[in-house]
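First comes the structure, then the notes that go with it.
The values are calculated or read from the model by the stated rules, or taken from the named source; none is laboratory data. Small disclaimer: the values here were computed from a predicted structure and weren't measured. Here the Cβ is made from the backbone with ideal geometry for all residues, glycine too, and neighbour counts use every protein chain on show. Surface accessibility is based on the protein's heavy atoms, side chains included, excluding ligands, DNA and RNA. Shrake-Rupley method; radii C 1.70, N 1.55, O 1.52, S 1.80 Å.
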Amino acid sequence: MALANEIMGSRLIFERSSSLASPFHSRFSIKKKTQRTQFSINPFDPRPMRAVNSSGVVAAISEDLVKTLRISTVGRKQEKEEEEEKSVKFKVRAVATVRNKNKEDFKETLVKHLDAFTDKIGRNVVLELISTQVDPKTNEPKKSKAAVLKDWSKKSNSKAERVHYTAEFTVDSAFGSPGAITVTNKHQKEFFLESITIEGFACGPVHFPCNSWVQSQKDHPSKRILFTNQPYLPSETPSGLRTLREKELENLRGNGKGERKLSDRIYDYDVYNDIGNPDISRELARPTLGGREFPYPRRCRTGRSSTDTDMMSERRVEKPLPMYVPRDEQFEESKQNTFAACRLKAVLHNLIPSLKASILAEDFANFGEIDSLYKEGLLLKLGFQDDMFKKFPLPKIVTTLQKSSEGLLRYDTPKIVSKDKYAWLRDDEFARQAIAGINPVNIERVTSYPPVSNLDPEIYGPGLHSALTEDHIIGQLDGLTVQQALETNRLFMVDYHDIYLPFLDRINALDGRKAYATRTILFLTRLGTLKPIAIELSLPSQSSSNQKSKRVVTPPVDATSNWMWQLAKAHVGSNDAGVHQLVNHWLRTHACLEPFILAAHRQLSAMHPIFKLLDPHMRYTLEINAVARQTLISADGVIESCFTAGQYGLEISSAAYKNKWRFDMEDPTQPHGLKLLVEDYPYANDGLLLWSAIQTWVRTYVERYYANSNLIQTDTELQAWYSESINVGHADHRDAEWWPKLSTVEDLVSVITTIIWLASAQHAALNFGQYPYGGYVPNRPPLMRRLIPDESDPEFTSFIEDPQKYFFSSMPSLLQTTKFMAVVDTLSTHSPDEEYIGERQQPSIWTGDAEIVDAFYGFSAEIGRIEKEIDKRNRDPSRRNRCGAGVLPYELMAPSSEPGVTFIAFNVGPSLSMARIIRRPLNLTAAVRFRLSPLSPFSGNSGSINSETTSWSELIRVPSLVEGCDYKHWLVLMKPPNGYPTRNHIVQSFVETLAMALGSEEEAKRSIYSVSTKYYYAFGCRIHEPLTCKIRSLPDVKWVLPDSFIVDGDNRYGGEPFVDGEVVPYDEKYHADWLRDQTDEDAKSGVVKKKHRRKRKKKLI
């Protein structure tokens, strides 16, 4: 370094140290650690982040380069020294990670081989590195020379999921910090670029988290622009990146013209004019949603041509053809496979009932037939015996399915009947599901009795008054008067009267559909549980039905009233299922979020810190919504065929959007939000915990970048995003006065928290319990086919003679039931690539702001504490709404390793699922995670990193996987390192990681007894069990597991021995297995692989 000072001047070295490390140069300091330079944040510095002052000279020069500089003569002028420095060229190395497809069709394989051949003759993947600085001579961003990805043709046949390619850039010493990279794909085939890491700059590795498809130049001639992980507000964008930032946003907006290709990356708006298909039949024509008549949020524009019969309707794309969404929004392969498997499963589940329904009776005969859906193979359980196949000319595919797909054709037992087969019949369970079921958001306190309708009597007639009287409920109030029950907040209601009544005439005119507009009155008992005390069933006063327009059903007193009561509860469940799916689930957590997502991609640069915060919550949403338009909410789709509202379902959804939906009312902490008048309200109890954690994390994040309100008001991208979301995406509500302002830090925290809440916790509560609760159709029938008879009806006699038969003839048919079950099973399924709150795909490099990375670990620790609290609540017998005999624990907002009633995720599942919040990959870790930085408000009582007492008091012992675990020797599994570090570098990173928990590297070296750097990345260490909690919370640590002997009784642990602070050199004594495996691999791989192995072995040693 002394030589460097002589050659370059101490001032330049100081400039490089203080400004090159990061745009946050004013907040960074250099710390010497283990013979390499690292940058750490001063977490106590209250100043806001600012971008690098690009006007100064930044020396992008590595330490090795200093040795190559020619020693300048004494007395040379400083200007001449800098000029000479600029003329020095050096190379930096890029490692690009490309994700391969697991399965390719013939065409893809052929094109891949063609690309491998043309790559050899110069049709390569070309990269160009772009600096954050502008060249003063050209007034353009400084650029490196173009570089190609090496060895593409050699690695084209690799079967690995991820393939790493390298490239070398030549830059000069005045290049500055890299800020962007352009990619030109001269191949015929697109490829998925996961990340790029640049090594060789003095600032350390530069990360580009890409996660994007790069199209062929023949399809998209312009270069792909990718930015580093460093966040910048628009006003702080380095001069070298400003033009690229604007250009990339222009590319994403498009020009609003023409039909979109599947390879496009263009985000634009359109109305819902592709739900119907009038070209096939007039009965399949549907109104356009979005506009004065049917207000609705906007969806992603596809640009398809209009239908032949209706110029206002867009031509549909039917399955299996894909519907356009921007290329990076499409499902990745693992999710595509999961979705395809679910779709196949749904088809198989529905195939045989379809055949039987067309040949035999279509109703269930008894409860045993429903139970058989979960016990036996579908073909057998539905009566298709061998002689049946002889009588009917069924296709061979059916007999094949009977033999090979019995597992697929068997439904899982829904949770609602898994603990107590008859729980769904109980009144307390019926009421409990209003606060702990799949739709726990519609219950409200009764403020006046009888309830009052808000519908216009001039439109819907004078008969809107309620038929409920005090006499209906007075005997159910534990001695209270109705007024006393109101004053003590003991009366609650689930009211679907106003949302259904305007549509009932049309719904009841449909074949096989009969519905009421229901009101259910619930009473809060002294034990904190609810019980239903009256159900009001309403029909339009001008109804063509012979029945009275209103009737009230109360709890049973005899056999006849018991069946009447069960039918009334079934009609309530049918109302509830429709509102849940069409309004609370689809509208609120899918359709209403799509405009915010479209605007984010159009107006927020990938460099914008708010885009980085929202990004995981937006993943897959557009694709999910497109699939919904194609198969679920489309004309004659699943929603129309399986739910009460039929073809009028989306009109109900539109009416709810017009009259009920308000963005400001999605915040449950506001005065209009949740009030815990029911103390044991599982959805609200757990939801408020999660809301608070999300809000604290968002506030920490926002305050990092916005020190005052002026920064928010002058952030052009942020204001354009919010304005476009409202004025274009929600154009039908653009003039509403209830939209929150976006002028202060608190405004931004509220808006972002609401969006993340809707896309995660709220959606999880409304989606992932659909099969556990709705999979047993009598519990929540999605539709009803008959009204409840009264004594004057001709049907009353048949009801009295066989009430069970009448009950099943009122419920969905066999075909409707199995179709609905298959769909909600798909909706409740998770794919393997889901992200969960508290976790990110690349947790240490998703942002270049190290302080935010630390704060995110704090957020993750808070999620861990919430996890434990929810589990504790589910085991508390005093909480009768989530614990008790046959009572399901409320797990819709709790982590679990099983799909179904558990799981909350970041955004969208494989069908209509849009969010995912909490889950760990394996239930092998303790429930406590510790944060690493004192920055975040999450610190609370989490304990410091050296606090053993806090972690030990909450430690959950990790289960022993195999024999030989003594809970003194632990295996720490690490995430794969970036690039191609040597074995010594990997081992050193192990030492540094353990040192964070033990306090020093010397102590860490004494503790480590083995390392693994070949097949996986891990180290074994001797530590006390309480310390595993600390280690588990450290960066890049995946799991901490009890280590065990290779062979029980043989006191040898796996890995390479680590003795006296060093890895033992390769020796037969210690590495017999390792060397034998390597020899076997070399023999199989041939000469080329052997050469590669020799080089690698030499390098590692």
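Overview of values
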| item | result |
| --- | --- |
| Under-5 Å amide H pairs with Val1011, H placed in peptide plane, nonlocal only | Gly1020, Glu1056, Phe1058 |
| Mean-position separation - Cα centroids, the stretch 504-526 and the stretch 116-188, in angstrom | 63 |
| Computed Kirkwood radius, in angstrom, where 1/r is averaged over Cα pairs of the stretch 89-228 | 15.6 |
| Within the accessible area of the stretch 969-1064 (1.4 Å probe), percent carbon and sulfur | 51 |
| Ranked by how many other beta carbons lie within 10 Å on average, peptides 627-639, 988-1000 from highest | 627-639, 988-1000 |
| Per residue, in Å², the accessible surface of the stretch 89-228 once ligands and nucleic acids are set aside, probe 1.4 Å | 46 |
| Projected-area mean, the stretch 969-1064, by convex hull of Cα positions, square nanometres | 5.9 |
| Debye, to nearest 20: dipole size of the stretch 969-1064, +1 on Lys, Arg Cβ, -1 on Asp, Glu Cβ | 280 |
| Extension gain from Lys805 to Arg162, taking 0.36 nm per residue of separation minus the Cα-Cα distance | 225.7 nm |
| Most to least packed among 772-782, 132-142, 611-621, 506-516 [average Cβ atoms within 10 Å] | 772-782, 611-621, 506-516, 132-142 |
| Cβ-based charge dipole, the stretch 969-1064, positive-most Cα from Pro977, Val991, Val1011 | Pro977 |
| Area of Arg786 that stays accessible when all protein chains are in place (1.4 Å probe, Å², to 10) | 60 |
| Cβ-derived FRET efficiency at R0 60 Å, Ser878 paired with Val728, nearest 0.05 | 0.75 |
| Largest-first ordering by accessible area, 1.4 Å probe, given options Asp1060, Asp172 | Asp1060, Asp172 |
| Listed pairs Lys154/Lys247; Lys112/Lys218; Lys120/Lys159; Lys91/Lys142; Lys143/Lys223; Lys419/Lys569 exceeding 23 Å between Cα atoms | Lys154/Lys247 |
| Packing-based ranking, highest mean first, of 554-562, 521-529 given that Cβ atoms within 10 Å are counted | 521-529, 554-562 |
| Descending principal axes extents, the stretch 454-494, alpha-carbon based, whole Å | 40, 19, 16 |
| Separation of the Glu869 and Ser305 label points, Cα + 7 Å toward Cβ, nm | 5.8 |
| All-pairs Cα distance distribution in the stretch 639-771, expressed in whole percent, bin size 10 Å | 10, 32, 35, 18, 4, 0 |
| Fraction of accessible area attributable to carbon and sulfur, the stretch 594-640 (%, probe 1.4 Å) | 44 |
| Cβ-derived FRET efficiency at R0 45 Å, Asp420 paired with Asp636, nearest 0.05 | 0.75 |
| Distance in nm between pseudo-label sites at Glu795 and His113 (7 Å out along the Cβ direction from Cα) | 6.5 |
| Cα-based convex hull, the stretch 575-686, per residue volume (Å³, whole number) | 142 |
| Label-point gap, in nm, between Thr447 and Ser153 - each point 7 angstrom along Cα→Cβ | 7.6 |
| Gain on full stretching of the segment that runs from Leu973 to Glu487 - 0.36 nm per residue minus C-alpha separation | 169.1 nm |
| Probe 1.4 Å, accessible area per residue of the stretch 245-333, Å² | 49 |
| For a label point 7 Å along the Cα-to-beta-carbon line of Thr982, residues of the stretch 993-1021 with backbone N under 17 Å | 1013-1014 |
| Gained length - Glu703 relative to Glu737, 0.36 nm times residue gap less alpha-carbon distance | 9.5 nm |
| Student exercise, the stretch 136-204 dipole from Lys, Arg, Asp, Glu Cβ charges, in Debye to nearest 20 | 240 |
| Val417, Val1040, ranked by accessible area, largest first (probe 1.4 Å) | Val417, Val1040 |
| Where Trp738, Trp565 fall by accessible area, highest first, once all protein chains stay in place (1.4 Å) | Trp738, Trp565 |
